[in-house]
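For reference, the structure discussed in these notes is given below.
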Amino acid sequence: MNVFPAIDIIDGKCVRLTKGIETDKTIYQKTPVEMAKIYQDAGFKTIHVVDLDATLGKGNNNLTLREIRKNISINIEVAGGIRSKDAIKEKFDEGFDIIVIGTFAVKNIDEVLTYDENLLKKISIALDIKDNQIALHGWKETNNIPLEDIVSKYNKRSINSYFVTDVEKDGMLSGLNMETFNSLKKLTNKKITIGGGVKDINDLQKSKSYGFDNVVVGKAIYEEKILLEDLIKFNA
């Protein structure tokens, strides 16, 4: 199992939101590029970077994302407001290794399924769960399309992975809700990345025992609930 440290960006700064609520955020001192370098130097193989301004429809942090890509050599999984084929291809061309799409992937399934293999292999389908429904547009809306219907269609193509977030747990440091993640695990044999609520090393041990491929950790790092050296052991 791999741990992906998270870097969430608003106005070019590292932040963490609680349950995705923009007004409930913590701003951290180090810049996104500084954090990326820290994670690379610590030995992580992949980082998870989110452009929250793009997610919320309030501009973008493209310059910051490019600076991160330019300054580190490890893999970058990029997410946030990527809602067109052109936007996906732009991230692909800029050298990002995994491109996470959520709202666009749910609303435009038939289109995404037509993409060629080279592009699909870079795409992770984000399934953000809120009140047992798929949350869209920065978690401000929900969609009643059954999870099973979405997954059954994407299972037929060579996507990189699924990325599942428990919205109600995100940023809460209250522990992972394994019931939410297991509901997807029963539907697919593809790789699954999970996130939302990691509070301590026990959450990671539990994730590994359940057989999940990757876990995204954000606030627990910034708030020093988990030490970087302990996280690295899960990537060994």
In the range 55-76, which residues are surrounded by 16 or more Cβ atoms within 10 Å (Cβ to Cβ) and at pLDDT below 95? Thr55, Leu56
Could you list all residues from the range 77-136 that are surrounded by fewer than 21 Cβ atoms within 10 Å (Cβ to Cβ), in contact with a strand residue (DSSP E or B) (Cβ under 7 Å, 6 or more places away or on another chain), modelled with pLDDT of 95 or more and among the acidic types (Asp, Glu)? Asp97
Residue count for the range 74-84, restricted to those that are out of contact with any Phe, Trp or Tyr (no Cβ under 7 Å at 6 or more places or on another chain) and farther than 29 Å from Gly43 by Cβ: 1
Residue ranges of helices (runs of 4 or more DSSP H) in the range 171-236 with at least 3 members of a type outside the set (Lys, Arg) and either touching a strand residue (DSSP E or B) at 6+ places or on another chain (Cβ under 7 Å) or free of Cβ contacts under 8 Å to residues at least 24 places away in the same chain (or both): 178-185, 201-210
Being closer than 20 Å to Phe163 by Cα and in a strand (DSSP E or B), is that true of even one residue in the range 31-46? yes
Top-ranked residue in the range 2-52 [being among the basic types (Lys, Arg) and in contact with a strand residue (DSSP E or B) (Cβ under 7 Å, 6 or more places away or on another chain); ranked as modelled with the lowest pLDDT]: Lys25
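The values are calculated or read from the model by the stated rules, or taken from the named source; none is laboratory data. For clarity, every value in this text was computed on a predicted model and none was experimentally measured. In this analysis, Cβ positions are derived from the backbone assuming ideal geometry, glycine residues included, and neighbour counts consider all displayed protein chains.
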